[in-house]
1. If you bin the C-alpha pair distances of the chain every 10 Å from 0, what whole percents do you get?
2. Between SER87 and TRP412, what is 0.36 nm times their sequence separation minus the Cα-Cα distance? Round to one decimal in nm.
3. Divide by every residue of the chain the summed helix terms, -39500 (n - 2.57) for each DSSP H run of at least 4, and state the resulting mean residue ellipticity at 222 nm, rounded to the nearest 500 deg cm²/dmol.
4. Looking at the range 239-375 from every direction and averaging, what is the projected area of its Cα convex hull in nm²?
5. Placing +1 at every Lys and Arg Cβ and -1 at every Asp and Glu Cβ, with all other atoms neutral, what dipole size does the range 288-411 have around its Cα centre, in debye to the nearest 20?
6. Treat every Asp and Glu Cβ in the chain as -1 and every Lys and Arg Cβ as +1, leave all other atoms uncharged, and give the resulting dipole magnitude about the Cα centre to the nearest 20 debye.
7. Can you give me the Cα centroid spacing of the range 147-168 and the range 191-206 in angstrom?
8. Taking the Cβ of ASN176 as the center, what net charge do the other residues with Cβ under 12 Å away carry, scoring Lys and Arg +1 and Asp and Glu -1?
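Just so you know, all these numbers are worked out from the coordinates, no wet-lab data involved. Bear in mind the structure is a predicted one, so any value in this text is a computation, not a measurement. FYI the Cβ positions are ideal-geometry reconstructions off the backbone, even for glycines, and counts take in every protein chain you see.
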Amino acid sequence: MATTFWPSIAAALRNTPRTSRAPMVWDPASLLMSRFGFGIESKTRADLVRYGLDGWWQNQVAFSRGPGAGYAGHAGVAAQGPLLSKSPAEVRAWLKANGNEYGWEAMDQLTRVTLGLQAWSRGQVYETSVDFFANHLNVANHSDGVWSSRQTMDRDVIRRHALGSYASMLLASARNPAMLKYLSLASSTKNAVNENYGRELLELHTVGIGAGYTEEDVKNSARILTGRSVDSDYNYLYKPERHWVGPIKVMGFSHPNDSAAGGEAAGEAFLRYLAYHPATAQRLAHKMCVHYVSDNPSPTLVAELARIYLRTGTQIAPMLAAILRSTEFWGSRGAKVRRPAENLIATVRALGVGPGDLSKSLPSLHWMSSSVGQVPLDWAAPNGYPDVASAWRSSGSLLNLWSYHRGLAQNWYDGFADLDPASLYGSVKPRTSGEAITQLCGRLTGSRFPAAHVQALQTFLDEPASTPIADSRLRWHLTHLIPLILDAPQHALR
């Protein structure tokens, strides 16, 4: 299908052929909630009807730039992360006062608040952008050297700029103490230049390895950023005495870099050059299309996003809006696999499980995401979690997810609000066993299952589809049927 762009989101949808990839069926609302949110949810579906596609988008952006910015998308969840608002020195003092100066409590709070906001924040578009850029500029949470500062990367870099300017995000990241410690820039000096940050800046954060830079470019990338370090409280501090002085050339960038005092400004000029480089635009556009559209997006879609990135001064929100104004997005249902933690959060949202006692439900989500192999923010390497289907083929993770489908549907875990499974029928109660299966498949996955899949569920109930609901085995087996539906391929796709 050729990619075309329309002036509005609604127009793009109207002009997209009603298509999807098997086993998914055409359902634009479910597609939107699963790509620009963490899963299908009844309230969001109602909001889409109430405001329309373009109105919903505008509301999402306004909320995330206003009352829902930072961690404010869900007040209860935000309250579970009191250390996230503190400076590195304050976190360190709190940890010391509580018996372990090098404890991981702040990093634990960051993981749990992240999971909670993905599950229950009103600002779902914002949370998907936060997730995308947290992986793009990855600083592994729960790693050495960032126990008191990792929250600053999330709060002051990723969340502050997630719907704003990428250039501003990149410049902020190059002054962030957690990033500087994670990629060794804090210890890089003119006498012992550490290339780690300078290399990843080119390879991962900006132009990409295919841009044609050389090993000498990497060395100069590292040299011009020397002097960026941290003080004894792990706050950013430029130390001119550590700065390497001398002419710098990296790809098409050149700078005299002729004084230690001017080294920080020279580094800022270099970072801006990279942020606005066409190769950065192309690479970031491609990654964004892979995340939101398909593992193999069209060159036309990627080129349009790259053009918007450069035309708008590296603004992120217009790039996301362009995806929604493309026919390629609306025809892509079934083209993305949910990563394990996304499947877990999508289960919470599809079932409508409430947060309940967050002091218990958030730690539960934390250990669940650990057992399926994807704790948000915890990818150890600087390239972030992979985002294509071929990277996520683990029978162990799948079996654990199937277990959590049952546990969440059957109220196994402390902390979460109890789920009334019959509430999933919605306002129109089914008359028969067959109608109940159809309604639940639609509610939980946004899909109409193929006849063979429906028959398999009917066989599980061991009764004809015409069985009146009052006589159906669903009276006893509803909480077992629900997880079977969530185990299906339709729920594994986003």
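1. Calculated over all Cα pairs of the chain, the distribution is 4, 19, 28, 25, 15, 7, 2, 1, 0 percent.
2. Values: separation 325, 0.36 × 325 = 117.00 nm, distance 3.76 nm.
Extra length available between SER87 and TRP412 comes to 113.2 nm.
3. Details: 23 runs with 245 residues, N = 494.
The per-residue figure over the chain is -15000 deg cm²/dmol.
4. On the way: hull surface 52.5 nm².
Convex hull of Cα atoms, orientation-averaged projection: 13.1 nm².
5. Values: 11 positive and 7 negative charges, 39 e Å.
I would put it at about 180 debye.
6. On the way: 48 positive and 40 negative charges, 189 e Å.
For this selection, approximately 900 debye.
7. The range 147-168 and the range 191-206 have Cα centres separated by 19 Å.
8. Values: positive: ARG150, ARG155, ARG160, ARG175, LYS181, ARG228; negative: ASP154, ASP156.
Cβ neighbours under 12 Å give a net charge of +4.
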